[in-house]
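K.L.:
The structure that follows is given in the form of structure tokens.
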Amino acid sequence: MTSRRKHYLIDMDGVLVSGRKLIPGADRFIERLKANGSEWLVLTNNPLYTPRDLSYRLHTIGLDIPAERIFTSGLATARFLHSQRPNGKAFVIGESGLTGPIHDVGYVMTDHEPDYVVLGETHMYNVEAITKAVRLVAAGARFIATNPDPTGPSESGIVPACGAMAALIEKATGVTPFFVGKPNPLMMRLALNYIGVHSEETVMVGDRMDTDIVAGVQTGMSTVLVLTGVTKETDVARFPYRPSRIVASVADIEP
């Protein structure tokens, strides 16, 4: 009996790239996916950049991934907003990777009685904007955040990220944000719908037990942990769930 072809959701940072460098063998893995005819999608919690921006950045280091094969927490957030309250209003803190998709689903961006405050990543958080977000949430706006990551990398070291800023707003208002990105299974469901596949036929490939693997497990997917990113093999035993497989890198995965 021939086994059914598997489809793939693939985390980007720590799986395909490390900083601005290609992880050895990632390019060959992507080419094998293309040759195999599997459906596949690259996922990232980073909402800074549009899929087109990311596609170009990846191309410069040797990864040929079309924009339509990239799904960000910014895209997921826009789709979630549209499903909950079509053609609504939002006060948005973020860059084009978030503001563009929210515009595209028909939202108006305003600080006048918005339905939502949407917090994403930005190159430089502005105290005035965060203060405005606090006041709007305190006044009743629903609080959405793209991803729970507390810090992110930069060339000079770690920087505060969406999760840290969300914690500040939560502390000031008492309102807990709804995070759309991983490990929320919602992002996985939106990604599966985006490429039209079922969770039982799909593998989640990631480098973090606490975001990628747990999201895959909760969505009913097979999971592969690669050891080229955050989680080390010795860390796995500390978690109450396990990946289906552990491999050194994506170079070891045969679709």
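K.L.:
Considering only segment 154-201, state which residues are β-branched (Val, Ile, Thr) and farther than 27 Å from residue 131 by Cα.
P.N.:
195, 197
K.L.:
So, of the residues in segment 190-205 that are of a type outside the set (Ser, Thr, Tyr) and under 13 Å from residue 75 (Cβ atoms), which turns out to be surrounded by the fewest Cβ atoms within 10 Å (Cβ to Cβ)?
P.N.:
Among those that are of a type outside the set (Ser, Thr, Tyr) and under 13 Å from residue 75 (Cβ atoms), it is 193.
K.L.:
Right, next: So which of 174, 163 ends up being touching an Asp or Glu at 6+ places or on another chain (Cβ under 6 Å) and assigned by TED's automatic domain parsing to the domain that holds residue 116?
P.N.:
163
K.L.:
Out of 73, 38, which single residue is in contact (Cβ under 8 Å) with a residue 60 or more places away in the chain, touching a Lys or Arg at 6+ places or on another chain (Cβ under 9 Å) and in the same structural domain as residue 196 (by TED's automatic domain parsing)?
P.N.:
Among 73, 38, only 38 is in contact (Cβ under 8 Å) with a residue 60 or more places away in the chain, touching a Lys or Arg at 6+ places or on another chain (Cβ under 9 Å) and in the same structural domain as residue 196 (by TED's automatic domain parsing).
The values are calculated or read from the model by the stated rules, or taken from the named source; none is laboratory data. Note that the structure is predicted; figures quoted are calculated from it, not measured. In this analysis, Cβ positions are derived from the backbone assuming ideal geometry, glycine residues included, and neighbour counts consider all displayed protein chains.
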